[in-house]
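Asker: Supplied in structure tokens, the structure appears directly below.
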Amino acid sequence: MERGDRVFPASDLAWDVADALVAWARGQGVEIVPHARVESLVIQGGLLTDLMVLRRSSPIPQRIEARCAILATGGQSYPATGSTGDGYRFAEATGHRIEPLRPSLVRIETHPTFPGAQGLTLKNVQLTLWIDGRKQASEFGEAEFTAKGLAGASVLRLSRQIVAALASGRKAEVVLDLKPALEPVKLETRLLRELATLQRGSCAQLLRTLLPSPLIGAFCAALHLDPAGPASRLQGAKLKQLLSLLKELRFEVTGHGGWEEAIVTAGGVSLKDIDPRTMASRKIENLYFAGEVLDLDANTGGYNLQIACSTGWLAGEAAARRAAGAGSEVVPLVAEPWTFDGAGPGN
Ligand SMILES: Cc1cc2nc3c(=O)[nH]c(=O)nc-3n(C[C@H](O)[C@H](O)[C@H](O)COP(=O)(O)OP(=O)(O)OC[C@H]3O[C@@H](n4cnc5c(N)ncnc54)[C@H](O)[C@@H]3O)c2cc1C
């Protein structure tokens, strides 16, 4: 258990969680077909009848008969994990509506950038998001300076709204408060105290009492101050400007990271086409949906995994009930492009 009640496997390896789930599924009699990619769904008379599956051993897709299927192909983001957006293609081809897809939980690109501070992570800062001049949300926590802008947990939590705003042509701005625990008046008092103590010191020395070193050059540049110049220059208007930089460092959002690095896909198969009690399609009654392929996404904090697990559970139970209702033996089968032999992705 780590800070914020976050839970990780003792080994710190995500593969151990995957291996445990696979072992459990195999123990329940689930057959896993490795190195197999579903190419298309076959629908006849309004029902799913077969899956066309491409296996590594043959260039010709194999037909696998199915009483029902659960479409749990993930989103379109982070394709390195195998989720390349196939599910949206299958859903659309079988008459389901797709809500517009957008990368979410992703870094942002900004103006200005602070290249000298690249890699610096600030803790306990406040980030406020403004869209078209209106305050939208505020996040307290970590922010990281990157080559092109900002990343870190607080940024990721704001990114869903940012990406949506940019996609609809609205202006997004984030305002960084480097001293959220200090009201402007208290911060000014503290600055004046530092100035009195450091009368013969340099601007850089004064700023060092308030800022991490990688930001000092950028602050001096913004204030048109020579870092080696006397700290006493920080008086009157310059002092007010410094206070405003510390409390309201403004970044215009110019872009965001792409599909390959976004943690989650926002948008997806419309919930209007799904029965929430069973996750069954309202278009094809023996086709079920679960996980990120749906128009369901959430913030960081385990909620996306919770969505996948809860919808997967419902879909699994409903699909099993339906398949068992049809009599004769049922073999649950998972087509999976990766192996689960501990070798990791890419096999
Ligand atoms: C780096 C990273 C960190 C994350 N951290 C968190 C976190 O801390 N908390 C949280 O809640 N969420 C987190 N997420 C998001 C979370 O992992 C996903 O929302 C969740 O795994 C979605 O589950 P899923 O089963 O719907 O899809 P996925 O886990 O993406 O699984 C989809 C599977 O379908 C397979 N597949 C795709 N197409 C086909 C096809 N045509 N044929 C056969 N198989 C196919 C893929 O290979 C894949 O195995 C993170 C994601 C990433 C990338």
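Where a number appears in this text, it was derived from the coordinates with a stated rule and is not lab data. These figures come from a predicted structure and were not determined experimentally. We place every Cβ from the backbone using ideal geometry, glycine too, and count neighbours over all the protein chains shown.
Asker: Using a Förster distance of 30 Å, how high is the FRET efficiency between Ala147 and Ile32, based on the Cβ-Cβ distance and rounded to 0.05?
Answerer: FRET efficiency, Ala147 to Ile32: 0.15.
Asker: Output the relative contact order of region 184-249, whole-number percent, from Cα pairs under 8 angstrom with separation of 6+ residues.
Answerer: Computed value for region 184-249: 38 percent relative contact order.
Asker: Another question about this same structure. Relative to the longest principal axis of the C-alpha atoms of the chain, give the angle of the C-alpha long axis of helix 184-197, reported between 0 and 90° and rounded to the nearest 10°.
Answerer: 50 degrees
Asker: In region 246-287, which trypsin sites (Lys or Arg not before Pro) fall in coil by DSSP and have 16 or fewer other Cβ atoms within 10 Å?
Answerer: For trypsin sites (Lys or Arg not before Pro) across region 246-287 that sit outside H, G, I, E and B with at most 16 neighbouring Cβ atoms in 10 Å, the list reads Arg277, Arg282, Lys283.
Asker: Using DSSP to define loop residues, name the trypsin sites (Lys or Arg not before Pro) in region 51-104 whose beta-carbon has at most 15 other beta-carbon atoms within 10 Å.
Answerer: Arg56, Arg97
Asker: Next question, about the same structure. Give the calculated FRET efficiency between Glu92 and Ala228 to the nearest 0.05, with a Förster radius of 45 Å applied to their Cβ-Cβ distance.
Answerer: According to the calculation, E is roughly 0.10.
Asker: Using 0.36 nm times the number of residues separating Tyr303 and Arg193, minus their current alpha carbon distance, what extension gain do you get?
Answerer: Gain on extension, Tyr303 to Arg193, equals 35.1 nm.
Asker: Sticking with the crude label model, points 7 Å out along Cα→Cβ, report the distance from Ala181 to Glu317 in nm, one decimal please.
Answerer: Label-label distance for Ala181 and Glu317, simple model: 4.6 nm.
Asker: Taking the alpha-carbon distance from Lys186 and a cut-off under 20 Å, which aspartates and glutamates remain once sequence neighbours fewer than 8 residues away in the same chain are dropped?
Answerer: The reachable aspartates and glutamates, counting only those whose Cα sits under 20 Å from Lys186, are Asp177, Glu194, Glu248.
Asker: Right, something else. Restricting everything to alpha-carbon atoms, can you work out Rg to Rh for the chain with a Kirkwood hydrodynamic radius?
Answerer: Looking at the chain, the ratio lands at 1.12.
Asker: Let me ask you something else. Mind checking which lysines have their C-alpha under 28 Å from Lys179, skipping anything on the same chain fewer than 8 residues away?
Answerer: Lys123, Lys135, Lys148, Lys171, Lys238, Lys240, Lys247
Asker: Any chance you could run the full-extension gain for Gln118 through Ile60? It's 0.36 nm times the residue separation minus the Cα-Cα distance, nm to one decimal.
Answerer: This chain segment gains 16.0 nm when fully extended.
Asker: Nothing charged except the Cβ atoms of Lys and Arg (+1) and of Asp and Glu (-1): what's the magnitude of the dipole of region 184-249 about its Cα centre? Round to the nearest 20 debye.
Answerer: So the dipole magnitude of region 184-249 works out to roughly 160 debye.
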